[in-house]
Amino acid sequence: MAVVGDGVKHALGDLDKDSFVTLLSKLIGESKYVQNNPPELIPEEDRIVGHVLEVLRPYSTATGGGPLVINHVAYKPKRGNLIVEYPGTEPGKILSFVGMHMDVVTASPADWDFDPFTMSIDGDKLRGRGTTDCLGHVALVAELMKKLGETKPKLKSTVVAVFIASEENSSIPGVGVDALVKQGLLDKLKNGPLFWIDTADKQPCIGTGGMIPWRLHVTGKLFHSGLAHKAINPVELCMEALKVIQVRFYKDFPPHPQEKVYGFATPSTMKPTQWSYPGGGINQIPAECTICGDVSQRFAIVMLTPFYSVVDVMKKLQEYVEDLNTIIENIETRGPVSKYVLPEENLRGRISISFDEAMSGVACSLESRGFQVLCNATEEVVGHVKPYSITGSLPLIRELQDEGFDGQTSGYGLMATYHAKNEYCPLSDMCQGYAVFVKIISQLED
């Protein structure tokens, strides 16, 4: 007979804190080597894989010590993914925990109050780079799979954990979950709810923003600033053009009614974040300038809620720029000699826009079985449930959704320490996360 309800809880129990802390300490000890910021820092996720395998292999079919089926899949040297399966008794009945990534963002020890690459403990706080994002979740789900392998409960559902490489930076493609999906290794996960474990604050994250990195480049005419009437000032043209573009953007993509349903704090936004120009004297009007942002140090950003199409927005932005180039002499100027056309020299200012790789946002299904069980488990364990959305982007989830997966997202670190210095996670929150996982498995046995 399959284990149901309280039987699952009895079999899996609570999180083994000592085992979890021991494993997480080893993972944080590797965090220096899994920082993801190419080309300078290319992570070696197999360092993390090695520690997870050390915990799980004794309960695997490979050693004969247990039922766990383990598949270590690497598409680049030292950059593996790990798929771990606990087989259920009912064919086609499945649930999965995915997204626990084994790379981290960079950390500068000089900026931290403690060593980011060695785990330290301060009361309930487990401190170090990756504790919240996302090595804490790697250790947490590894402990869940270890307990399944140890206790061998007879479940109807197959439980799969997918630990992935290359989440924090996508500049090197074909390494992580994108490659696993392309190869079909995750296809069977479409038959049940998929829980992406890489957010924070113990609540379901039901929506994430998309992102369109863009670069607005303006060409004018260089000249002495004391003779401004002989120049085309690209800085002024860029500022005025951007104003027009932003006004049109907010008209065409206003706050969407679904944003309130999903609890987004902000609607879609378009804004500049940095400027650059080729250099020169302070008394020179430059020949060109570019609005720049903080993506790859050279782009500005559109953050888009998932209710608008990234493709439609990019087409519109291109259209705005083309329209401005046809009426450049009519764009508002600044002062009596400011101009963007010099007819006597047959010169016109010129605006162009280019894009980096865009990412679409995610709106998780609020009607799916996965969402229902996640909410029920959260309410029972945490004491309340309050789904939220963020306009920050979580890459890869939308691609899974488009491939037909029922993706839901949650996480048990702290949003306040995500990608921040002095990162930590509360051990008590991770314990609750483990209990939520157990409740999810239990509900899906019904």
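Solvent-accessible area of the chain (1.4 angstrom probe, protein heavy atoms only): carbon and sulfur portion equals 52 percent. Between V337 and F114, the simple spin-label model (points 7 angstrom out along Cα→Cβ) gives 6.2 nm.
Classify the stretch 377-421 as rounded, prolate or oblate, taking a ≥ b ≥ c as the square roots of the eigenvalues of its Cα gyration tensor: rounded when a/c is under 1.5, otherwise prolate if a/b is larger than b/c and oblate if not. Since a/c reaches 1.5 but b/c is at least a/b, the shape of the stretch 377-421 is classed as oblate. According to the calculation over all Cα-Cα pairs in the stretch 93-138, the P(r) per 10 Å bin from zero is 25, 45, 20, 8, 2 %.
Beta bridges assigned by DSSP with both partners in the chain are antiparallel in approximately 70 percent of cases. Multiplying the residue separation of L41 and A74 by 0.36 nm and subtracting their alpha-carbon distance yields 10.0 nm. Among complete DSSP H helices in the chain, those whose alpha-carbon atoms stretch at least 20 Å along the helix's long axis and whose mean Kyte-Doolittle hydropathy reaches 0.0 are 135-151, 234-252, 427-443.
Summary value for the chain: 23 percent relative contact order, contacts being C-alpha pairs under 8 angstrom separated by 6+ residues. Give the separation of the Cα centroids, the stretch 149-166 to the stretch 172-204, in Å. The two parts, judged by their Cα centres, are 14 Å apart.
Spatially, the stretch 361-423 and the stretch 61-105 are offset by 21 Å when compared through their Cα centroids.
The longest part of the chain holding none of the exposed loop GluC sites (Glu not before Pro), meaning those outside H, G, I, E and B in DSSP with at most 14 other Cβ atoms within 10 Å, is 41-331. A helix-only calculation puts the chain at -9000 deg cm²/dmol for mean residue ellipticity at 222 nm, using -39500 (n - 2.57) for each DSSP H run of at least four residues, averaged over all residues. Calculated FRET efficiency, Y277 to D312, Cβ-Cβ distance, R0 = 35 Å: about 0.65 to the nearest 0.05.
Short to long, the 10 Å bins of the Cα pair-distance histogram for the chain hold 4, 19, 26, 21, 13, 9, 5, 2, 0 percent of all pairs. Rolling a 1.4 angstrom probe over the protein heavy atoms with all chains in place gives the stretch 82-188 an accessible area of 33 Å² per residue. Computed over the stretch 206-249, relative contact order equals 29 percent, with contacts defined as Cα pairs under 8 Å that lie 6+ residues apart.
Tell me, what is the FRET efficiency for D6 and S368 to the nearest 0.05, using R0 = 22 angstrom and their Cβ-Cβ distance as r? E(calc), rounded to 0.05, equals 0.30. Using R₀ = 41 Å, calculate the FRET efficiency as 1/(1 + (r/R₀)^6) where r is the Cβ-Cβ separation of K243 and S170; round to 0.05. Calculated value: 0.80. Each label point was placed 7 Å from the Cα along the Cα-to-Cβ direction; for R57 and V261 their separation is 4.9 nm. Subtracting the Cα-Cα distance of L347 and A420 from 0.36 nm times their residue separation leaves 21.5 nm of extension gain. Between E380 and S225, the contour length at 0.36 nm per residue exceeds the alpha carbon distance by 49.0 nm.
The values are calculated or read from the model by the stated rules, or taken from the named source; none is laboratory data. Just so we're clear, the structure is a prediction, and the values are computed from it rather than from any experiment. In this analysis, Cβ positions are derived from the backbone assuming ideal geometry, glycine residues included, and neighbour counts consider all displayed protein chains. What goes into the accessible areas is simple: the full protein's heavy atoms, side chains included, and nothing from ligands, DNA or RNA. Shrake-Rupley method; radii C 1.70, N 1.55, O 1.52, S 1.80 Å.
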